[in-house]
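Each remark here refers to the structure printed beneath this line.
The values are calculated or read from the model by the stated rules, or taken from the named source; none is laboratory data. All values derive from a computational prediction rather than experimental measurement. Here the Cβ positions follow ideal geometry from the backbone for every residue, glycine too, while neighbour counts run over all protein chains shown. Ligands, DNA and RNA are stripped out before the accessible areas are found, and what is left, the full protein with its side chains, is counted by its heavy atoms. Shrake-Rupley method; radii C 1.70, N 1.55, O 1.52, S 1.80 Å.
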Amino acid sequence: MSEHVSHETHSDDSLSSVVKVVDVSHETSTTVDSLDGSPILRQVLGPALPALEMFHMKLMREGEPRGIIGPRDVGIIWERHILNSAAVVPFIREATHRERYKTVADIGSGGGFPGLVAAACLPDHQFTLIEPMERRVEWLNECVAEMGLTNVSVLRARAEEAIAQIRRRDSGMHSFAVVTCRAVAPMTKLTGLTLPLLKSQGRFVALKGRSAQAEIDKASKIIAKAGGLRPRVVEAPVGPDLEPTHVVLIDRR
């Protein structure tokens, strides 16, 4: 923090004052996350905690200025973004436990929710983060490198483009065992952007808000037409004494 001092002399030479001007432009934020140091983090995230601490630090430092998170989220990153994203991990693990190729696509990855968090928690799975915006692709690649994740690739593409690649036999891209997303679009639109990416008997796992059941009900015909089976909403724990979240599950015919 730098200080600039200016002297003002009044008409009466005997009266002088010192005006101190303080430059705060380089002060660092003192915001503290409400769950910093909590045993809940180790309990929920286990061996993934060191990588996710790196992610958390980057989000605290750069997340708001780069438009990844909002200003109100800075003090609750662990709960709102990281633990919330980790809620999908048991559902991904359940969907892939018999799969030889444990492949996961995260649609509209944005800041890396839930894709980066799930990838850190599931090092034996291969994740493809699909994101159309260049600045967010840059962010995701930085995070992958800084977190030391070796099971993640980032694809700059819209979901429709990824679907087209899968349908082209010479593209080298294959259907996924699981497709995840968070806060991308309503189910009436999201269904057509995600289910075509799934292999037969794959599973769609999406973080949704309280309107999840209403969205499924509204999109029921679209889901069936896209080959979706047993659409359902489950309440997923985030951590002890923390508000649970909602996960939409749909199986692919």
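In this structure the chain gives 54 Å² per residue of accessible area when probed at 1.4 Å with all protein chains present. Taking 29 Å as the straight-line reach from the Cα of LYS225, the lysines in range (excluding those fewer than 8 positions away in the same chain) are LYS102, LYS189, LYS199, LYS208.
For segment 137-220, rounded, prolate or oblate, judged on the Cα gyration tensor with a ≥ b ≥ c (square roots of eigenvalues), a/c < 1.5 rounded, else prolate if a/b > b/c? Please list the in-between numbers first.
Numbers: a/c = 2.14, a/b = 1.32, b/c = 1.63.
Taking the square roots of the gyration eigenvalues as a ≥ b ≥ c, segment 137-220 is oblate.
What the Cβ-Cβ distance of ARG168 and SER200 gives, at R0 = 25 Å and to the nearest 0.05, is a FRET efficiency of 0.85.
Counting only protein heavy atoms and using a 1.4 Å probe, what share of the accessible area of segment 114-153 belongs to carbon plus sulfur, as a whole percent? Present the calculation step by step, with values, prior to reporting the outcome.
Numbers: 760 of 1550 Å².
On segment 114-153, the fraction of accessible area on carbon and sulfur atoms equals 49 percent.
Could you let me know the centre-to-centre spacing of segment 223-249 and segment 156-184, using Cα atoms, in angstrom? Taking the Cα centre of each part, segment 223-249 and segment 156-184 sit 21 Å apart.
Expressed in nm to one decimal, what extension gain is obtained for the pair ARG135 and ARG230 from 0.36 nm per residue of sequence separation less their Cα-Cα distance? Could the numbers behind the result be given before it?
Details: separation 95, 0.36 × 95 = 34.20 nm, distance 3.65 nm.
Here the answer is 30.6 nm.
What does the net charge come to around ARG156 if you take all other residues with beta carbon closer than 13 Å to its beta carbon, with K and R at +1 and D and E at -1? The partial results should precede the final answer.
On the way: positive: ARG135, ARG136, ARG158; negative: GLU131, GLU134, GLU138, GLU161.
Every neighbour counted, the sum reads -1.
The charge dipole of the chain, taken about the Cα centre with unit charges on the Cβ atoms of Lys, Arg (+1) and Asp, Glu (-1), comes to about 2360 debye, rounded to the nearest 20. Each Cα pair under 8 Å and six or more residues apart adds its separation to the average, and for the chain the resulting relative contact order is 15 percent. Of the residues ILE40, GLY239, VAL154, the one whose Cα sits farthest towards the positive end of the charge dipole of the chain is VAL154 (charges of +1 on Lys and Arg Cβ, -1 on Asp and Glu Cβ, taken about the Cα centre). Within the chain, antiparallel bridges make up roughly 50 percent of the DSSP beta bridges whose residues both belong there.
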